[in-house]
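Presented below is the structure to which this report refers.
Coordinate-derived values only; no laboratory data. What you are looking at is a predicted structure, and each value in this text was computed from that prediction instead of being measured. Note that we place each Cβ from the backbone using ideal geometry, even for glycine, and neighbour counts take in every protein chain shown.
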Amino acid sequence: MSCSPFDLRDYYFKELAENERRQTEIHVKTCAHCREELDRLRGTEAALLTLPDQEIPQRIGFISDPVFEPSPMSRWWAAFWGSAARLGFASAAMLSIALIVFSFTRPVPQVSAPAPASNAALQAEVTKRVNEAVQKAVAESDARHAHQVAELLAATEKRNTLEREALLVRVQEYLDVEKKRMDRVILASNDYGEQR
Amino acid sequence: MIFRAVEDADLIRKARRGDVEAYNLLISRWERRVYNYLLRLVAHREDALDLSQDVFLKAYQNLRKLEDPARFGPWLYRIAHNEAYSLFRKRRPAGETEELQPETMEGEATVGGNAVFPIEMTLAVSAALGKLNADQRETVVLKIYQGFKFEEIAEIVEAPVSTVKSRLYTALDLLKAELAPVKRGVS
């Protein structure tokens, strides 16, 4: 088992990140066990590399024959389907065209005949409810107004009565005063006549 | 490396427009690598050649589906992987481990007629690779012989990176044990 801070085999195959590689390198310099492990790996790799590459027995090549070559149209078609961007653009364009065509050629809805009747009924119902609500509101307003007028009239009548009574009292007092004054005048006249 | 990648991308663009010669040039750059990957996987030269031809034909037919030309290598190996595993399925019922009896290849340990490696070692390596299961062998081939990064291998074999690592390290342990006696004998 290796005592290296990181996998010694990853280090050997240069698959460690730079900082990991540096730490492992420092460790290997001071660890004989890890150096031996690296030597074993090197030995195994060297043994494997004694198996040389073989020459290919027959070169591979294709001939440019117009008979087998795709036509420009086929090539364009293959390129078209091979490109996601072009395919996406074409799909979007077709969808747009379909929407435009549909908007111009949209058929008249077949089930539109009953719609006016139901609309009229709905409108009548709405009008009825609105009228009812208006009538109710007007009635409430009238009642409220009549009540206010009645209260006002009652208050006015009461005030008038009180004023009339007060006026009558004052007239009575005036008449009393005038009567007393007349009495005194009569008495004084009588006294003057007797004296003559 | 970057210059090479740009050139490949240019050839791919030309091939997409129907330039067969550009595609043939692209094939010439990759055919040896793909052939050797398939040969080490199926351990049969004719099968490997047939599969290589199928791989390049399918790649040509599907070149327009390759979104990033810079990823041509892993994409091509993905096709090769699929072709090899289709062959495995034809050879054996699903679920059984594909163990190989590698062909004895004359001149295997020679380059240009000169002996480079001890013949015992190359034979032992062939035999040891044949004892791995197909997944382990493929991972060793992609990492050791083809030099792919773990992420690229994961893309080719359509498996998580952790699975790829596990297959490789298990395979290396097995190979180390298989080859240890030979290494001692050679040295």
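Quick notes
- Classification of segment A:8-48 by its C-alpha gyration tensor yields an oblate form. The axis ratio a/c (a ≥ b ≥ c) is 1.5 or more, and b/c is at least a/b.
- Listed peptides B:157-169, A:169-181, B:126-138, A:20-32 by packing density, highest first (mean Cβ within 10 Å): B:126-138, B:157-169, A:20-32, A:169-181
- Cross-link reach list, lysines versus B:Lys149, counting only Cα pairs under 22 Å and skipping chain neighbours closer than eight places: A:Lys14, B:Lys165, B:Lys176
- Loop-resident sites, segment A:32-63, for GluC sites (Glu not before Pro), counting at most 13 other Cβ within 10 Å (DSSP): A:Glu55
- Karplus 3J(HN,Hα) series, Hz, for segment A:44-60 with 6.51 cos²θ - 1.76 cosθ + 1.60 (x for Gly, Pro): 5, 5, 4, 4, 4, 6, 6, 7, x, 5, 9, 6, 5, x, 8, 5, 9
- Rounded Å value of the spacing that divides the Cα centres of segment A:175-190 and segment B:34-66: 155
- For segment B:1-92, alpha-carbon Rg over 2.2 N^0.38 Å: 1.08
- Shielding by partners, peptide B:170-182 (average Cβ within 10 angstrom, other chains): 3
- Fully extending the segment from B:Asn62 to B:Glu120 would add 16.6 nm, taking 0.36 nm per residue of separation and subtracting the current Cα-Cα distance.
- With the convex hull drawn over the C-alpha atoms of segment A:124-196, the volume per residue is 52 Å³.
- Label-to-label distance, B:Lys90 versus A:Ala92, with points set 7 angstrom from Cα along the beta-carbon direction: 4.5 nm.
- The 3J(HN,Hα) values that the Karplus relation (6.51, -1.76, 1.60; θ = phi - 60°) gives for segment B:7-14 are, in residue order, 5, 4, 4, 5, 5, 5, 4, 5 Hz. Gly and Pro appear as x.
- Simple rule: put +1 on each Lys or Arg Cβ and -1 on each Asp or Glu Cβ in segment A:8-48, find the dipole, and look at A:Ile26, A:Phe13, A:Thr44; the Cα lying farthest toward the positive end is A:Ile26.
- Taking a straight Cα-Cα cut-off under 25 Å and skipping sequence neighbours fewer than 8 places away in the same chain, the lysines within cross-link reach of A:Lys136 are A:Lys128.
- In sequence order, segment B:150-158 has phi-based couplings of 4, 5, 5, 4, 4, 5, 5, 8, 6 Hz under the Karplus curve 6.51 cos²θ - 1.76 cosθ + 1.60, θ = phi - 60°, and Gly or Pro positions carry x.
- Averaged over A:37-48, number of beta-carbon atoms from partner chains that fall within 10 Å: 5
- Sites B:Arg17 and A:Thr30, calculated FRET efficiency, Cβ-Cβ separation with R0 56 Å, nearest 0.05: 0.45
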